[in-house]
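The values are calculated or read from the model by the stated rules, or taken from the named source; none is laboratory data. Because the structure is predicted, anything quoted here is derived from the model rather than measured. Counting neighbours? That spans all protein chains shown, and the Cβs are built from the backbone with ideal geometry, glycine included. Please note that ligands, DNA and RNA were not included when accessible areas were found on the heavy atoms of the full protein model with its side chains. Shrake-Rupley method; radii C 1.70, N 1.55, O 1.52, S 1.80 Å.
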2 protein chains.
Amino acid sequence: MSSIVLIPGRNAYRLAEKLSLTTNTPVINVQRKLFPDGEHYIRIPGTEKIKGSTVIVIETMYPRQNDAFIEILMLLDAVRRLSPRKIVLIVPYLAYSRQDKVFLEGEPITGKIVLETILKYTDHMLVYDIHSLKLIEGKSNVKNLLFFDLMVSKVLEKTRNPVILAPDKGALHRAKFVAEKLGLEYDYLVKHRDRITGEVTMEPKTLDIKDRDVVIVDDIISTGGTIAKATRRVLESGARGVYVAVTHALLINNAIGKLKKAGVEKLYTIDSLGIRHEDSFIEYVDYYGRLWETVLEIVGR
Amino acid sequence: MSSIVLIPGRNAYRLAEKLSLTTNTPVINVQRKLFPDGEHYIRIPGTEKIKGSTVIVIETMYPRQNDAFIEILMLLDAVRRLSPRKIVLIVPYLAYSRQDKVFLEGEPITGKIVLETILKYTDHMLVYDIHSLKLIEGKSNVKNLLFFDLMVSKVLEKTRNPVILAPDKGALHRAKFVAEKLGLEYDYLVKHRDRITGEVTMEPKTLDIKDRDVVIVDDIISTGGTIAKATRRVLESGARGVYVAVTHALLINNAIGKLKKAGVEKLYTIDSLGIRHEDSFIEYVDYYGRLWETVLEIVGR
């Protein structure tokens, strides 16, 4: 096999370092500067190491989504000009993927713009737990990776037979994935609106969760509103303890406080962003071995 | 002819308003918000006005180049989904167009990335005085507009027969354009390095500028270094007065002070950016009539 090198974008230094340590793959650190007018500049040094090699470009799109977008294109374009054997782009968090359809007439589908523009510049793309599977439908060179089994395995150190719950039907594939991997039961929450009082309740579609522990799984926590609400409803339905596993823990504003207050026991996540929250409430689960297996599968092709 | 509407991006409200007033064209104001995590959102209201119409999207890429880049794509994508007759995109200032080739091995050509990505989403594109003509070579749906004759006409109110000078050979097409329009002489500055002292001088290639007024024309002033240096050299060569005409007056840091100190009499520019400098040293020249003529030519096709 030809040699492999890792090239991190500016949000992904830590991710690339971890991956490099796990896999003994060399990292090429990009030269970068900001012009006085605000334009970004990058240059890939050690260009002789790129020619004929497999290049893994890794950049995550939070924070500074729009900067990350153009930097990904710049990195890919620069690498391509150096004649690599193959480019594999890892975008742990793909920004704008919640804008995956026209909700109101007059809107763009920004998730599609971002994804399709990036795909013009790479051979393969790996993304972690994209919000909308529809965005990558039919795109054979994009692979969506889920790490929920790794996160939920940690929950199993605390409680033996939890129910895996998706907060809505659209997230059901996440619950199904982990439940099948680990032999657990799963379900999703359905909203009921009382026709007379207007009161909204959320209940598991089929399972009885009374006196059971629950793991709510989802792709993203931004300000924490959705998961806090789901947690409260699940506890009102008689659940014993609530754990949360999410791929992308943005945790904006006081999301951590909100989740604690709602009654979440602990939050499990992975290192998918350019920021990391240091709080004993949050456990970051190692996933680099799994990621690398997938990279090698792709590289081998 | 079908109806025409103007849609400004967030850097181009003032430009769109001026164009609208000059031409009696209605403006559709985009709904926009910023999500708590930093993602941008836009929506085009009054969607019934778009169907079958010619839509002029106008957005300039300074300041916040990277935000403007994705917003242009969002606007164009949203418009396209509403079935317009034709989309004409006006990008007065195209960011990254100075990154027009690989200067050092390992660099991307960001100007090409930006331009080619945008072109996938529009039918026609107008840009003012692109830094590098090479970027748009062979692209029949991109038109580069120069307004130097309008700016230099203002200089002619002050001095009768100035020499038009490009600061280097790459900018010569600008000097030639205005000189031929207005019947003036033109030339460009050549660097000479003294082989013994190492001292660098800049002199006009062929013309004698002693005791003559000079108009230096260029596409952009960022921090003002290039133009300040050219001005000093031209004055050292015996020129009488130095005027400057540039399309894109970014004027970062203390550029205005630098130009004044170097001896520039006055700076002529146009409204091509999302910012405007209020200073009696700078005159903004009206160009909206000329712009609209070009738009109508394209729309008529």
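With contacts defined as alpha carbon pairs under 8 Å and 6 or more residues apart, what's the relative contact order of chain A in percent? Let's see the in-between values first.
Working: 607 pairs, mean separation 43.3, N = 301.
Computed value for chain A: 14 percent relative contact order.
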Taking max minus min of the Cα coordinates of segment A:102-180 on each principal axis, largest first, gives extents in Å of 46, 33, 17
Give me the net charge of A:T117's neighbourhood, meaning all other residues with Cβ under 11 Å from the Cβ of A:T117; Lys, Arg count +1, Asp, Glu -1.
0
Exercise: per-residue mean of other protein chain Cβ atoms within 10 Å, A:44-53
2
Cα-Cα P(r), chain A, percent of pairs per 20 Å interval:
32, 54, 14, 0
Cross-link partners among aspartates and glutamates for B:K139, C-alpha distance below 13 Å, same-chain residues fewer than 8 apart left out?
B:E116, B:D123
Evaluate 2.2 N^0.38 Å with N set to the residue count of the protein assembly as shown, then give the Cα radius of gyration divided by it.
1.14
Can you give the angle from 0 to 90° between the axis of helix A:13-23 and the longest principal axis of chain A, with both taken from C-alpha atoms, to the nearest 10?
80
For peptide A:27-36, the mean count of other chain Cβ atoms within 10 Å per residue Cβ is 2
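Here are some pairs, A:K112/A:K143; B:K18/B:K49; B:K229/B:K260; B:K169/B:K229; which of them have Cα atoms lying more than 18 Å apart in this structure? Show your work: numbers first, answer last.
Values: A:K112/A:K143 15 Å; B:K18/B:K49 21 Å; B:K229/B:K260 12 Å; B:K169/B:K229 16 Å.
Distance filter (> 18 Å) returns B:K18/B:K49.
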How big is the B/A interface in buried accessible area, both sides summed, 1.4 Å probe, to the nearest 100 Å²?
3800
If you find the alpha carbon centre of segment A:240-301 and of segment B:235-301, how far apart are they in angstrom?
51
The protein assembly as shown: calculated mean residue ellipticity at 222 nm from DSSP helix runs of at least 4, using -39500 (n - 2.57)
-9000 deg cm²/dmol
Per-pair calculated FRET efficiency, R0 = 35 Å: A:R240 and A:I196 via Cβ, rounded to 0.05:
0.65
In debye to the nearest 20, the charge dipole size for the protein assembly as shown, taken about the Cα centre with +1 at each Lys and Arg Cβ and -1 at each Asp and Glu Cβ, equals 260
Just to confirm the number: angle between the C-alpha axis of helix A:65-80 and the first principal axis of chain A, 0 to 90 degrees, nearest 10?
40
Of the heavy-atom accessible surface of segment B:134-245 (probe 1.4 angstrom), what whole percent is carbon and sulfur?
44
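Counting only heavy atoms of the protein chains, get the accessible area per residue of segment B:39-158 (1.4 Å probe) and round it to a whole Å² value.
Working: 3720 Å² over 120 residues.
Per-residue accessible area for segment B:39-158 comes out at 31 Å².
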Mind checking which aspartates and glutamates have their C-alpha under 14 Å from B:K181, skipping anything on the same chain fewer than 8 residues away?
B:D149
Show me A:124-132, B:144-152, A:36-44 ranked by packing, highest mean number of other Cβ atoms within 10 Å first.
A:124-132, B:144-152, A:36-44
Compute the long axis of helix B:110-119 from its Cα atoms, compare it with the longest principal axis of the Cα atoms of chain B, and write down the angle in degrees, 0 to 90, nearest 10.
40
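Using the Cβ atoms and a cut-off under 14 Å, what net charge is assigned to the surroundings of A:R64, where Lys and Arg are +1 and Asp and Glu are -1?
Values: positive: A:R10, A:R32, B:R64; negative: A:E59, A:D67, A:E71, B:D37, B:E39, B:D67.
Charge balance near A:R64 sits at -3.
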Highest mean first, how do B:16-23, A:263-270, B:230-237 rank when packing is the count of other Cβ atoms within 10 Å averaged over residues?
A:263-270, B:230-237, B:16-23
Give me the percent relative contact order of segment A:1-112, please, defined on Cα pairs under 8 angstrom at least 6 residues apart.
26
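Please give the FRET efficiency for A:L156 paired with A:E293, using the beta carbon to beta carbon distance and R0 = 25 Å, rounded to the nearest 0.05.
Working: r = 22 Å, r/R0 = 0.86.
Efficiency at R0 = 25 Å is approximately 0.70.
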Under 5 Å between amide hydrogens, which residues at least 5 positions from A:H248 or on another chain qualify, with H placed 1.01 Å from N in the peptide plane?
A:I220, A:I221
Label-point separation (nm) for A:S83 and B:E48, each offset 7 Å from Cα along Cα-to-Cβ?
6.0
